[in-house]
Amino acid sequence: MTYNKKSIEDVEIKAGQKVFVRCDFNVPMKDGVITSDKRIVGALPTIRYLMDKGAKVILSSHMGKPHAVFTPNFKLDKKEQKKVDALPEAERAAATAELLEKAKKNDPKKFTLAPVADRLNQDLGGKVVFATDIIGDDAKAKIAAMKNGTCVLLENVRFDARETKNDPAFAKALADLAGEGGLFVNDAFGTAHRAHASTAGIADYLPAVCGYLIQKEISIMGKALADPARPFVAILGGAKVSDKIGVINNLIDKVDMLIIGGGMAYTFFRAIGSSIGTSICEEDKLELALGLIEKAKKNKVDFLLPVDNIIGREYKEDTTYMRMYSDSIPDGWMGLDIGEKTQELFAKSIEGAGTVVWNGPMGVSEWENFAGGTRAVAKAVAESGAVSIIGGGDSAAAVEQLGYADKMTHISTGGGASLEFLEGLELPGIACLMDKE
Ligand code: AMP
């Protein structure tokens, strides 16, 4: 999928024009305090550009997974519903009422975007006003009172159940906040794979362009897929093959080398008949794994699996561990990281790459004893000089934690969205934007 979408620089932004910007302010919070402001800082260039043009900037985002507390008759989440269903029938109504009451009291505090407005104001000179609702009286009044070059941040858009249902009336109500002559800017790559009212539906009612963050994602990842500097190396890890089948299938037609590490490697090993002990394995994906190996062979793609592993007794942080070659993992042991020989092999293979795409850790990198493989790959990618693209999620977190973030060409801001992009799927939050002529 290559996108040729208009960005904020491709349209005229007039002073006084109302611009609805979907951001990704889904920041980690602890006890009402933002623990990483990376996403807020990342959104600033787009917001500043619009403010400098004198626009009235309406900011919107979701935060966490709240109940839709602004919706009359909102429901329990799936987990709670399951709990209630397990109770004797006579107790269910009271338990439901209690849980809903609790959500009504706690969610507006736990999932409010108010702290984000405060954080934005530190950088934007106090020009951000927070609205305590989404399309209600408070938002409307505060938008009506806006001066040019200022912002209103709306409350968590997922407090309304119509957001995730992409309800057309709700999407129109969001668009109406910008009104006649308004503009929609999507800059939330992390939710671009979701067709929600504020990410896609709204584009039915307003001209729509992308902000700087999405523009960067689609230009760098789009180029890697369409016209990569070669050799093109894909490194895939993480727990399961099933999560990455789509990506492997799409990349196997494009890359020169496919490197597989992490838990998913053991499904491949089992498929080719190696003993894997108690390593994580998807028994129902063995044929598929063989098919992918075949396809790689047919496409003349170098297909690398670990040659050695760090194996542990149990799936535990402090379990006993040792190094073992891949063809001889004993019973009662599980692979939890790639071994030293594999680190060397992978690093050497990455060395001469022109483009590297990496998604998924090489082992249980959350645990220090099994983080060595991920660290070695991060170092090799950082030092390769290749165009380096790190999918979001665990690999992005590992790269940041290990201090290699500024050595990478691009760290995607969306885990699920970048996977779907690399799978070649259409992302609704991008597809809905205007094409360049
Ligand atoms: P993913 O979200 O698919 O990228 O998977 C990331 C998760 O895979 C992390 O939580 C890792 O702990 C886990 N993982 C990586 N290697 C292994 C392994 N050998 N065994 C079990 N889990 C693993």
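Observations on the structure shown:
- Taking the alpha carbon gyration tensor of the chain, multiplying each eigenvalue by 5 and rooting it gives semi-axes of 42, 28, 19 Å, largest first.
- Whole-number percent relative contact order across segment 22-128, with pairs defined as alpha carbons under 8 Å at least 6 apart: 29 percent
- Bridge type composition, the chain - antiparallel percent by DSSP, nearest 5: 25 percent
- Residues of type lysines that residue 83 reaches as a straight line, Cα spacing below 19 Å, ignoring anything fewer than 8 places off in the same chain: 65, 75, 102, 104
- Amide H within-cut-off set for residue 59, under 5 Å, with H built and near neighbours excluded: 21, 152, 153, 154
- Anisotropy class of segment 262-370 from Cα gyration tensor, a/c 1.5 cut: oblate
- Residue-by-residue Karplus 3J(HN,Hα) for segment 153-164, coefficients 6.51, -1.76, 1.60, Hz, glycine and proline x: 9, 7, 5, 2, 5, 7, 6, 10, 4, 6, 4, 6
- Cα-based Lys proximity count in segment 321-437, under 22 Å, for pairs eight or more positions apart or on separate chains: 4
- Taking the fewest neighbouring Cβ atoms within 10 Å as the starting point, the ordered list for 410, 67 is 410, 67.
- Over the chain, relative contact order from alpha-carbon pairs under 8 Å, at least 6 apart, %: 17 percent
- A simple rule links phi to the HN-Hα coupling: the Karplus curve 6.51 cos²θ - 1.76 cosθ + 1.60 with θ = phi - 60°, which for segment 19-33 gives 10, 8, 10, 8, 10, 10, 9, 7, 8, x, 10, 9, 6, x, 10 Hz, with x for Gly and Pro.
- Segment 113-220: GluC sites (Glu not before Pro) in DSSP coil with no more than 14 other Cβ atoms inside 10 Å: 180
- This model, with +1 at the C-beta of Lys and Arg and -1 at the C-beta of Asp and Glu, gives the chain a dipole about its Cα centre of some 820 debye.
- Whole-Hz couplings from phi, Karplus 6.51/-1.76/1.60, listed for segment 360-365; x for Gly and Pro: x, x, 7, x, 7, 6
- When the chain is treated as a Gaussian network with alpha carbon springs shorter than 10 Å, the biggest mean-square fluctuation among 384, 326, 275 belongs to 275.
- Across 86, 376, 347, mean-square fluctuation computed from a Gaussian network of the chain (C-alpha pairs under 10 Å connected) peaks at 86.
- For segment 198-289: lysine pairs under 16 Å (alpha-carbon distance), excluding those fewer than 8 apart on one chain: 4
- Proxy reagent accessibility, fewest Cβ within 10 Å first, across 160, 133, 284: 284, 133, 160
- Highest mobility in the GNM of the chain, judged by mean-square fluctuation with C-alpha springs under 10 Å and restricted to 96, 374, 278, is found for 96.
Read-outs throughout are calculated quantities, based only on the coordinates presented, and are distinct from any laboratory measurement. Model, not experiment: these values are computed from the prediction. Cβ atoms come from the backbone with ideal geometry, glycine included; neighbour counts cover every protein chain shown.
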